[in-house]
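First up is the structure itself, then whatever we jot down about it.
The values are calculated or read from the model by the stated rules, or taken from the named source; none is laboratory data. As the structure is a computational prediction, the values presented were derived from the model and not from experiment. Note that each Cβ is placed from the backbone with ideal geometry, even for glycine, and that neighbours are counted across all protein chains shown. In case anyone asks, the SASA skips ligands and DNA or RNA and just uses the protein heavy atoms, side chains included. Shrake-Rupley method; radii C 1.70, N 1.55, O 1.52, S 1.80 Å.
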Amino acid sequence: LKMSCFWLYLPLHLLVATFLGHSIKAPTTSSQQSFKTNLFNFYHSLILADGKETTVHLLKDIPKRYYFVLEEGRVLAPFSITVTPCDVPIEWSILVYKSPPGFPGKATPGDHDTQEVSKSQKAPSMVSTIFNYKGNSVETYMGMSSHSALYLLEFLSTERDTHITVYLTTDTTSGHLYPELPTDPRIDVIGIGHTTVTLTWKHSPSVLQHRESIQYCLLVNEKHNYKSLCAAETAIRSSGMKLPPTLALPLSPYLLEPQQVMILSNSELSIINKVSSGEVRQVCMGTKNTYTVPNLSPSTQYYFDVFIVNLLTNASAAYTGTFARTLEEPEPKVAELKDGKVIHVVLDGKKQKFYSLQYQARHKKIHFTFQLCRGQIRVHITRNGKTVASEDLSGLRYLSLKGKLLDTYLVQLRSTEESNSSVKVQASPHFHKPLFPLLPESLKIKSFSKLRTCRSVTIAWLGTQEESKYCVYRKRIEEDQIWGELQSADRCSGPESRHKSEKVLCKYFYDLNLQRAVTTETIKGLEAGTFYLFDVYLFGPSGIPVRYHSKVVKTRKKC
């Protein structure tokens with residue numbers, strides 16, 4: 001049973017007429033309107049290819065129709081249709097347009113009118129619906145055809161614009177486009193830890209037959225399970241669109257978008273996307289059917305989906321997804337602050353829990369220093385159980401508190417945003433030996449638009465009354481990297497994290513008059529029409545740097 005080239009090139013009105021014979025000329029009065037409607041549907045349909053996966057784009061509330069023809073051939077010839085929704089639930093149905101059994105398609109001379117009416121009255125209906133479905137699961141219809149028929153597929157999305165894939169085949173003996181699932185396609189959770197979950201699943205029969213071209217891919221997310229690889233990719237793409245640039249990526253794991261993390265370890269490809277709904281992790285592990293997912297957050301529910309992917313055709317099949325909640329992390333012990341020692345604290349924004357540091361005073365006056373490295377953090381300080389300070393941190397913050405000898409201070413830190421935050425903390429009784437340099441009124445870098453050329457830009461920044469060292473660094477970036485560079489900047493990192501080629505210069509300056517404590521620098525040797533990221537690092541007596549706020553400047557394209 002196969003598609004005939006003859007049918008593909010036959011005009012649609014002749015195609016319908018061929019299947020109906022002369023019944024087109026004489027539909028009964030009661031079915032005339034329905035007949036016209038169905039005929040109109042066929043006129044506004046596209047041909048569905050046989051043996052090929054077709055992507056269909058649907059507009060909201062606008063039906064889309066495809067048709068295909070099954071020729072008269074061997075008795076009870078099979079065919080199958082697989083529809084994969086890639087986003088929201090859809091409605092789809094299969095209608096068949098059949099020529100009535102025994103209807104010759106030509107009238108016998110002399111009995112034309114009588115025979116035509118008789119046949120039309122005996123035939124129940126030219127069009128019948130043989131399948132109807134509404135939902136977002138992958139559905140396959142298996143059909144048998146014993147005579148020539150014209151089939152119409154109708155698709156409708158009532159929620160929003162979306163896309164689906166449709167696969168029609170009339171050759172069910174020479175293999176499958178989609179990898180086969182085992183009889184039991186469930187994923188079993190065999191181990192749960194504070195930061196790990198171990199999964200196992202039964203092997204696909206396709207792995208045993210085509211091991212070199214088949215692999216398993218795992219999707220981990222915190223939202224819900226996905227019923228197809230197509231739906232998973234669409235969800236990642238739509239979530240990533242809220243964060244520039246796009247974070248979407250196919251699980252067929254060869255193309256990476258900006259701001260994605262790829263980890264290749266022990267022949268496993270792991271890709272991590274940061275999207276608004278949380279972290280989405282993708283791992284392809286070859287033909288192994290047991291996998292331990294590492295680096296998860298404690299006390300968090302995760303959803304796991306396994307897809308069996310044919311690398312040659314890019315077709316896939318989904319196991320039945322599962323979910324598991326990692327174990328709750330034990331309450332951390334209170335860390336101890338020692339005189340002059342700097343502690344770097346990283347806070348998990350998802351938990352919104354306080355991180356506690358304890359300090360016992362050996363002097364009456366204590367100085368706390370906080371350097372915010374990333375994110376937003378709130379600090380709460382108590383002395384002997386009573387609150388003495390509570391505020392949101394910004395940049396570099398000094399807090400001087402006066403009490404008694406052996407007072408116990410408890411410093412509690414909490415991230416105020418969903419992403420991770422970090423801060424450096426120091427407690428010391430010696431304010432005359434500060435860890436960080438004296439800071440200017442503002443850590444902003446200013447650029448002068450009128451002084452920009454195709455090959456240079458001029459920047460300026462504020463200094464202090466204390467002679468200090470300032471180092472300037474530049475980095476060429478693309479436009480779609482700007483947002484990520486500015487958001488991910490670690491304000492505690494020093495020049496040691498930069499490439500040597502990015503260093504422009506270092507200089508010393510100060511001015512006792514703060515109104516004149518400003519310096520400018522013209523950076524030359526740049527390329528026209530190019531974005532550059534500029535950073536200034538301020539070094540104090542201790543040698544620990546403070547990073548100014550990064551500035552992005554674009555050189556002129558034409559001069």
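Charge tally around TRP461: other residues with Cβ under 10 Å, Lys/Arg +1 each, Asp/Glu -1 each, net +2. Applying the criteria of a DSSP loop state and at most 13 other Cβ atoms within 10 Å to the chymotrypsin sites (Phe, Trp or Tyr not before Pro) of region 188-226 yields no site.
Tally Lys/Arg at +1 and Asp/Glu at -1 over every other residue whose Cβ is under 12 Å from the Cβ of ILE381; what's the total?
Around ILE381, the charge tally is +2.
For region 334-428, what is the accessible area per residue in Å², given a 1.4 Å probe and the full set of protein chains?
Value for region 334-428: 51 Å² per residue.
The charge dipole of region 445-554, taken about its Cα centre with unit charges on the Cβ of Lys, Arg, Asp and Glu (plus for the first two, minus for the last two), comes to roughly 360 debye. Of the three principal axes defined by the Cα atoms of region 300-416, the extents in descending order read 73, 28, 22 Å. 3J(HN,Hα) along region 211-221: 4, 6, 10, 10, 8, 9, 10, 10, 10, 10, 8 Hz, from the Karplus curve 6.51 cos²θ - 1.76 cosθ + 1.60 with θ = phi - 60°, whole Hz, x for Gly and Pro.
Taking amide hydrogens as placed 1.01 Å from N in the peptide plane, the amide H of SER468 sits under 5 Å from those of PHE509, each at least 5 positions away in sequence or on another chain. Note on region 445-554: Lys pairs 8 or more places apart or on different chains, Cα atoms under 12 Å apart, count 6. By the rule of a C-alpha distance below 20 Å, with chain neighbours fewer than 8 residues away ignored, the aspartates and glutamates paired with LYS333 are ASP348, ASP407. Both radii come from the Cα set of region 387-523: Rg as radius of gyration, Rh as Kirkwood radius; their ratio Rg/Rh reads 1.01.
Here region 319-436 is assigned +1 on the Cβ of each Lys and Arg and -1 on the Cβ of each Asp and Glu. Its dipole about the Cα centre then comes out at about 560 debye. Identify the trypsin sites (Lys or Arg not before Pro) of region 384-434 meeting these criteria: DSSP loop state and at most 13 other C-beta atoms within 10 Å of the C-beta. The qualifying sites are LYS404.
Note on region 445-554: with neighbouring protein chains present and a 1.4 Å probe, carbon and sulfur make up 47 percent of its accessible heavy-atom surface. For region 445-554, the Kirkwood estimate of the hydrodynamic radius, built from every pair of different alpha carbons, is 14.6 Å. Using θ = phi - 60° in the Karplus curve 6.51 cos²θ - 1.76 cosθ + 1.60, the 3J(HN,Hα) couplings for region 475-485 round to 8, 6, 9, 8, 4, 6, 9, 4, 4, x, 5 Hz; x is entered for Gly and Pro.
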